[in-house]
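Following: one structure in structure tokens, then a few remarks.
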Amino acid sequence: MDDCVLDDCFCNNCEMEFLDLVDHLILGIQHLESKVVYLRYLLSSYLPKWDGEMLRSDIFSDLTGGFWDKPAYQRFMSVYHGGFDPMDGEAFTDFMWRLSRGEVRTGL
């Protein structure tokens, strides 16, 4: 707290804590989404053929979607990921597609 006003230092620290929390929450969301997709894939193999095919065709339905339009998330992407959306990254998307086809046997 050498050369900054107390409120400014607190706000800067608070913002970084907030962004760190958002980063951890995003990792948690990615983990949970991967578990949902994996369990849907497993379940589809135990259902009658038509039902299993329908479940696999909807394997990504009702997941969280995106947060890109929220100002707080835009700030998070800007500071932590250089404007890149970690929920829409190539590695995560590729992993989820492989998981949905049973090519990977575990979540994140």
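Here is a yes/no grid of residues against (1) of a type in the set (Ser, Thr, Tyr); (2) touching a Phe, Trp or Tyr at 6+ places or on another chain (Cβ under 7 Å):
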residue: 32; (1), (2): no, no
residue: 38; (1), (2): yes, no
residue: 41; (1), (2): yes, no
residue: 47; (1), (2): no, no
residue: 52; (1), (2): no, no
residue: 67; (1), (2): no, yes
residue: 80; (1), (2): yes, no
residue: 88; (1), (2): no, no
residue: 96; (1), (2): no, no
_Would you confirm whether or not region 49-63 contains a residue that is assigned to a helix (DSSP H, G or I) and closer than 14 Å to residue 26 by Cα?_
no
*Only one of these conditions is not met by residue 45: (1) surrounded by 12 or more Cβ atoms within 10 Å (Cβ to Cβ); (2) more than 18 Å from the chain's Cα centre (by Cα). Which number is it?*
(1)
*So which pairs qualify, if the first residue must be in region 84-108 and among the charged types (D, E, K, R), the second must be at pLDDT 90 or above, the Cβ gap must be under 7 Å, and the two must be at least 6 apart or on different chains?*
85/77
*Being more than 30 Å from residue 43 (Cα to Cα) and either surrounded by 14 or more Cβ atoms within 10 Å (Cβ to Cβ) or basic (Lys, Arg) (or both) is the filter here, so list the residues in region 55-80 that pass it.*
70, 73, 74, 75, 76, 77, 79, 80
_Go through (1) modelled with pLDDT under 90; (2) under 19 Å from residue 105 (Cα atoms) for residue 42 and report which single condition fails._
(1)
*Could you please let me know if residue 46 is touching a helix residue (DSSP H, G or I) at 6+ places or on another chain (Cβ under 8 Å) and either among the aliphatic types (A, V, I, L, M) or assigned to a helix (DSSP H, G or I) (or both)?*
no
_I need every pair where a residue in region 40-54 that is more than 18 Å from residue 98 (Cβ to Cβ) has its Cβ under 8 Å from the Cβ of a residue that is not in a helix (DSSP H, G or I), sequence separation at least 6 or different chains._
52/45; 52/46
*asked:* Condition check: out of contact with any Cys (no Cβ under 6 Å at 6 or more places or on another chain), among the aromatic types (Phe, Trp, Tyr) and either assigned to a helix (DSSP H, G or I) or at pLDDT 90 or above (or both). Does residue 67 satisfy that?
replied: no
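The values are calculated or read from the model by the stated rules, or taken from the named source; none is laboratory data. Keep in mind that what you see is a predicted model, and the values were worked out from it rather than measured. Here Cβ is always computed from backbone atoms with ideal geometry, including for glycine, and neighbour counts include all displayed protein chains.
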